[in-house]
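Asker: The structure's right below; bear with me while I get my questions together.
The values are calculated or read from the model by the stated rules, or taken from the named source; none is laboratory data. Computed from a prediction, not measured in an experiment: that's the story for all the values here. Please note: Cβ atoms are built from the backbone with ideal geometry, for glycine as well, and neighbour counts cover all protein chains shown. Ligands, DNA and RNA are stripped out before the accessible areas are found, and what is left, the full protein with its side chains, is counted by its heavy atoms. Shrake-Rupley method; radii C 1.70, N 1.55, O 1.52, S 1.80 Å.
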Amino acid sequence: MASEQVDLKLVLATDVSGSINNDELWLERQGIAAAFLYPDVIRAIENGALGRIAVAMLDFSSPGFGKTVIDWRIIHDRQSAADFARAILALRRTPGNRTSISNALELGAQMIAASEKDIVATRNVIDIAGDGPNNDGKSIPQIHARVMAQGIVVNGLPIMDENANGYFLNLDKYYQACVAGGRGAFIIAVRSYRDFGSAMRRKLILEISQDETTIKLAGEEPGPLLRNIAAQDTPAQSPALLRPARNEFSNTCTVPDPPTGSGKR
């Protein structure tokens, strides 16, 4: 059987550690589902050289808890995107404990490598969405170097909601120094869980098209399917897009103890 050729192979890795409650996780699930239904995202997929991408999802927390929740799906049009969105909304929560971004990177890279015989991509990307730094498992620099050596790009959506139990100050800087990497890598800080969908939409369009000028935060709605959740994620302004950079976290990518007053696990 011939392998499937795609423009992009994307692993969406979602933090399900103890600091993220069920309501917050549901807003993330809704946001991802709504993003894949958005016309500009579907258009970016269809306008690719091959007109198709492969996407899989995993939940991560401590090592041993990481789990593939949706295996590889080929998305090439509105219907396949809608099917993927329905699968996301049907997911149950994976049990979790602490936060091992290194384990998410390791699992994501394994998923990409294991699928090479069946799915061949022009670009391979792991997207990390979470509310805190690596505080469990292997050293991030060790795993990060291996992932970079495989030619995989790592992008990030650090969630920095000051009203949430897991709020971690300067998490965007942490993701810049320790998480994002590879050619064209970027992060988009999410300042509220309710803005997660718009940030995901922007991230997907940029990852798929590699052209930020095509991004629109508002526009036509995605039709009757999930219209209600798609309508919830239009922030007042576009969140900043940040590139990888060295900073105060560069030499301390593992943070074993949460800051005083933080609920982060």
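Asker: Within the chain, how many lysine pairs that are 8 or more places apart, or on different chains, have C-alpha atoms less than 24 Å apart?
Answerer: So the count works out to 13.
Asker: Report the percentage of all Cα-Cα pairs in region 170-209 whose separation exceeds 15 Å, rounded to a whole percent.
Answerer: Counting pairs separated by more than 15 Å, the tail of P(r) holds 47 percent.
Asker: Taking all protein chains together and a probe of 1.4 Å, list His76, His144 from the most accessible to the least accessible. Walk me through the numbers before you get to the answer.
Answerer: Numbers: His76 70, His144 30 Å².
Largest to smallest exposure gives the sequence His76, His144.
Asker: For Leu27, tell me the accessible area in Å² from a 1.4 Å probe, rounded to the nearest 10.
Answerer: Only protein atoms counted, so the area is about 40 Å².
Asker: Further, regarding this structure: Against the empirical 2.2 N^0.38 Å scaling, what ratio does the C-alpha Rg of region 37-90 come to?
Answerer: Cα Rg divided by the expected 2.2 N^0.38 Å: 1.30.
Asker: State, as an integer percentage, the relative contact order of region 6-136 based on alpha-carbon contacts under 8 Å between residues 6 or more apart.
Answerer: Numbers: 248 pairs, mean separation 52.0, N = 131.
Relative contact order here is 40 percent.
Asker: Oh, and also: Express the relative contact order of the chain as a whole percentage, based on alpha carbon pairs under 8 Å and six or more residues apart in sequence.
Answerer: 25
Asker: Over the chain, average the accessible area per residue using a 1.4 Å probe and give it in Å², no decimals. Mind dumping the intermediate values first?
Answerer: Numbers: 11250 Å² over 265 residues.
It amounts to 42 Å² per residue over the chain.
Asker: Quick one: compute a quarter of the convex hull surface over the Cα atoms of the chain and quote it in nm².
Answerer: 12.9
Asker: Please give the calculated 222 nm ellipticity per residue for the chain, where each DSSP H segment of at least 4 residues contributes -39500 (n - 2.57) and the sum is spread over every residue; nearest 500 deg cm²/dmol? Don't jump to the answer; show the numbers that get you there.
Answerer: Working: 8 runs with 86 residues, N = 265.
About -10000 deg cm²/dmol.
Asker: How long is region 1-105 along each principal axis, judged by its Cα atoms, biggest number first, in Å?
Answerer: Result for region 1-105: principal-axis Cα extents of 40, 29, 19 Å.
Asker: Could you sort Tyr167, Tyr193 by accessible area so the largest value comes first, with the probe set to 1.4 Å?
Answerer: Tyr167, Tyr193
Asker: Quick check for me: using +1 on Lys/Arg Cβ and -1 on Asp/Glu Cβ, what's the dipole size of region 76-166 about its Cα centre, in debye to the nearest 20? Each step should come with its number before you reach the end.
Answerer: Working: 9 positive and 10 negative charges, 43 e Å.
Computed about the Cα centre, the dipole is about 200 debye.
Asker: Follow-up question, since we're still on this one. In a solvent-free Debye calculation with one equal scatterer on each Cα, what is log10 I(q)/I(0) for region 62-131 at q = 0.23 Å⁻¹, listed in the order of the q values?
Answerer: Taking Cα atoms of region 62-131 as identical point scatterers yields -1.25.
Asker: Report D for region 74-178 in µm² per second (integer): Stokes-Einstein, Kirkwood Rh on Cα pairs, 10 °C, 1.306 mPa s. Walk me through the intermediate numbers first.
Answerer: Values: Rh = 15.7 Å.
So the translational diffusion coefficient is about 101 µm²/s.
Asker: First compute the accessible area of the chain with a 1.4 Å probe, then give the percent of it belonging to carbon and sulfur atoms.
Answerer: Of the solvent-accessible surface of the chain, carbon and sulfur hold 48 percent.
Asker: Of all the Cα-Cα pairs you can form in region 117-160, what percent are over 13 Å apart? Each step should come with its number before you reach the end.
Answerer: Values: 623 of 946 pairs.
So the portion of pairs separated by more than 13 Å is 66 percent.
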